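Contents: one structure, followed by commentary.
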Amino acid sequence: MDKKKGRQEDKEFRKQTADPTIGSAVPAHLPEGRWARFYPGHLVLIARMVLGSVFVYASMDKILHPTGFADIIANYQILPDVLINLTAIILPWLEFFLGLALLFGVWLPGAVFLCNLLLTVFTAALVFNLARGLDVHCGCFGTTIPDDARAPMAWYIFRDLIFFAVGIYLLLGILYKILRKT
Amino acid sequence: MGSHRRKLGFSVLAQSGALFLFAVTVSLLVNHLRPDSLALVTSDGPVNLTGGKTGTSLIISLEEARRLFFEKKAVFLDARSPKAYEKGRLAAARNLPLGAAEQMAFDILADVPQDAVLIAYCDGKKCILAKRLATALLDMGFQNVRILENGYTRWVKSGLPTEEGPPRNAL
């Protein structure tokens, strides 16, 4: 009895206060929450646009040149040979659809989660290679290796961390709306 | 409450899974249809001359490589990054990093006679750069391509000539 009433109230509340920038999988809630001020609608939208565009843009060249991307993955010397080509084929498209999902606000919890997962893996791979002194071309945005105009790996990692921060911001935004309820 | 958490967890899993499956489907389909499609799996063993699992292996023994080196019948290609190349390489080896093969190969090998043996090497037992470089060279139409597995380490261990620093002939 209570459960049903609770769900109906929630539905009503959701209708009235639905936050279009987060998505309907997450019920909207008390706006005076402790962290609510960090998530004004426009800021969330900007974060989504930034991360979404980055992912879409990053995927383009890699979709166009899978062989070049496979070479870059091979250079990291982390994945076993059998997985390299499959990764070179699938990963760019995953980035592309994740970017689209963020831009259009579709399936946001899943998209934000996967984005953060990917960013974690990318950053870890870069850091791992920096630690073992292996000089790799990032391959983050393109597959052509400029001759000597390569940026130091520290810059790639720094850039990744910025994207990572945006990703975490969105992830926490999605989680917080739920954790807040407990 | 708990149900919201569960609902979110389920949403995350379901949506991630759906996005991933979608990406896998589209990517494999596009790859299949495109003219320059990438093989899903490269053969994980000796690469044969025509590409496939049977046939003569491209792998060359250290003794054979050493012989060709001293008879000056081979050109050694370092598949690693320029930094690794400058830190130490087989003497007179040329740098042809894996990622730059298509762009640089023809320039770098312009002065090499047709019958010379091209030996790709990198470093470490698990290093696959040389194998991939060899495959790329074969695809580009080069002949007489060989792979020296764990090339740099074994070369150094055998006390064979090495060098370091920037390449002797700037290309």
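Simple spin-label model, 7 Å along Cα-to-Cβ: residue B:24 to residue A:169 in nm?
Calculated label separation equals 3.3 nm.
Say each of residue A:8 and residue A:83 gets a label point 7 Å from the Cα, pointing the same way as Cα to Cβ; how far apart are those two points in nm?
Using points 7 Å along Cα→Cβ, the separation is 5.1 nm.
Choose one answer from B:23, B:136, B:74: the residue with the largest mean-square fluctuation in a GNM of chain B with alpha-carbon springs under 10 Å.
It is B:23.
Under a 5 Å amide H to amide H cut-off, with H placed in plane at 1.01 Å, what residues pair with residue B:145 once short-range neighbours are removed?
B:118
What is the calculated FRET efficiency for residue A:57 to residue B:107, with r their C-beta to C-beta distance and R₀ = 41 Å, to the nearest 0.05?
0.85
For the full complex of protein chains and a 1.4 angstrom probe, list A:162, A:73 by accessible area with the highest value first.
Greatest to least solvent exposure: A:162, A:73.
Which residue, B:156, B:145, B:30, has the most motion in a Gaussian network model of chain B that connects Cα atoms within less than 10 Å?
B:30
Tell me, what ³J(HN,Hα) does each residue in segment A:117-128 have, in order and in whole Hz, if you take phi through Karplus 6.51 cos²θ - 1.76 cosθ + 1.60 with θ = phi - 60° and put x for Gly and Pro?
4, 4, 4, 4, 4, 4, 4, 4, 4, 5, 5, 4
Under 8 Å for C-alpha pairs, at least 6 residues apart: give me the relative contact order for segment B:106-171, rounded to a whole percent.
35
Which value, in Å² rounded to 10, gives the accessible area of residue B:102 with a 1.4 Å probe and all protein chains present?
Accessible area of residue B:102: about 90 Å².
Are any of the pairs B:87/B:126; B:72/B:126; B:73/B:125; B:72/B:125 more than 22 Å apart by Cα-Cα distance, and if so, which?
B:72/B:126; B:73/B:125; B:72/B:125
Residue A:121 to residue A:154: extension gain in nm, 0.36 nm per residue of separation minus the Cα-Cα distance?
Using 0.36 nm per residue and subtracting the Cα-Cα distance, I get 10.3 nm.
Multiply the residue separation of residue B:34 and residue B:114 by 0.36 nm, subtract the distance between their alpha-carbon atoms, and state the gained length in nm to one decimal.
Here the segment from residue B:34 to residue B:114 would lengthen by 25.6 nm.
The values are calculated or read from the model by the stated rules, or taken from the named source; none is laboratory data. Being a predicted model, the structure only gives us computed values, none of them experimental. All Cβ positions, glycine included, derive from the backbone under ideal geometry; neighbour counts span all protein chains shown. All accessible areas refer to the heavy atoms of the entire protein, side chains included, with ligands and DNA or RNA removed. Shrake-Rupley method; radii C 1.70, N 1.55, O 1.52, S 1.80 Å.
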